[in-house]
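Participant: My questions all concern the structure below.
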Amino acid sequence: MQTLVEAARAGDEAALDDLVRVTYGGTYTLAYRLTGNEDDARDVVQDAYLRAWRGLRRFRGDAQFTTWLYRITANCSANLLAKRARHRTEPLSDDEPVVDHRTEHDPERQVTGSDERARIAAALAQLPWRLRQVIVLRDIYDLAHGAIAKELGITEAAAKVRLHRARRRLRDLLAAESTEAGASYAALGGSSDGLGGSSDGLGGSTSGSAPGAEITVADAHAG
Amino acid sequence: MRTLAELVLLRSAACRGAEGAVVALAAGDFAASRAAGGHVATCLRCQAEVVAYRRVMVVMRSMRDDRLPFGPGSTDEAVRGLQVVVGPGGRSGPGGEGAIRALWAACVGGLTAAGAAGLMVWIARRRPGLAQVV
């Protein structure tokens with residue numbers, strides 16, 4: 001990878017083509033997770049590569065090339081989504097996710113083959129895009145708070161607040177989903193069981209715990 | 001003396017109040033969770049939530065290496081898009097946009113200078129006295 005980057009910086013077009021082919025999968029995956037649909041992801045990736053090419057001389061090599069590319073992708077994605085939000089004519093809420101819920105069209109489910117990962121991916125896709133961006137960049141791609149804030153054009157404090165809200169919302173979505181499906185957040189080690197997560201009738205609002213279960217919960221807490 | 005129902009309500013409210021602390025603790029953000037951390041330390045239900053969310057975060061971290069399927073030809077399309085800029089007729093090297101900007105600035109500067117000179121000649125012709133000075 002480093003060799004390709006150096007060659008591309010020196011103006012080697014073949015190296016640049018190879019660099020795109022090597023990194024395309026990861027860049028597209030991030031773009032898809034940030035935007036929630038294939039068309040936008042392709043546009044974001046194209047934009048990201050163009051900007052990466054323009055800034056290649058400024059890439060000092062003190063970070064991984066892929067991390068640098070992911071930051072550019074995050075920035076392109078944020079610009080696209082913010083621009084779209086500004087130009088909306090209908091009063092759509094930020095909370096409305098733009099995702100395709102059909103399982104057969106869910107690339108995450110196709111690739112992971114794991115219910116656990118697919119369930120998390122589906123919950124992430126349901127998050128409002130402003131929250132989804134920060135949690136994807138931080139908890140999946142391990143970008144620093146400062147880097148996330150810079151690429152999204154917000155303050156570091158705002159990025160941290162959004163991240164916290166995103167994690168809480170994700171937890172709620174997973175708990176609600178597991179309650180509805182009968183599968184369990186408990187299967188992930190969670191507590192939609194007798195001890196109850198906050199998604200049951202006591203701590204939260206999404207399940208229908210029987211009164212008897214409530215006493216069990218109270219007993220459990222009494223300890 | 002509170003009734004059992006009241007205790008249940010109180011406890012669930014305490015758990016709700018600790019929801020933020022649960023995810024913060026799971027994420028290893030102990031400073032953010034300090035305020036409600038006391039409740040979590042004594043609540044089995046919240047502790048189970050911390051464990052559950054920690055597991056979610058482990059799974060999420062492993063998703064970095066996933067590669068979602070993309071349409072056939074997408075990579076070629078991206079390469080072609082770059083070649084429009086990079087290839088023949090495009091810029092000669094990465095960051096070459098600076099050279100284009102410099103050329104553009106030179107053009108604008110030249111035109112401005114020519115315009116100024118033309119203006120001076122025009123003024124000089126209209127004022128013969130000034131023409132002698134010029």
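Participant: So how much accessible surface do B and A hide from each other in total, probe 1.4 Å, in square angstrom to the nearest 100?
Facilitator: 5600
Participant: By average Cβ neighbour count within 10 Å, what is the ranking of B:114-124, A:51-61, A:11-21 from highest down?
Facilitator: Most protected by this proxy first, the peptides run A:11-21, A:51-61, B:114-124.
Participant: Oh, and also: Going from most exposed to least, what order do A:T3, A:T66, A:T27 have by accessible area with a 1.4 Å probe?
Facilitator: I get A:T3, A:T66, A:T27, largest accessible area first.
The values are calculated or read from the model by the stated rules, or taken from the named source; none is laboratory data. Remember, predicted model here, so these are calculated numbers, not experimental data. Cβ atoms come from the backbone with ideal geometry, glycine included; neighbour counts cover every protein chain shown. These accessible areas exclude ligands, DNA and RNA; they are computed on the full protein's heavy atoms, side chains included. Shrake-Rupley method; radii C 1.70, N 1.55, O 1.52, S 1.80 Å.
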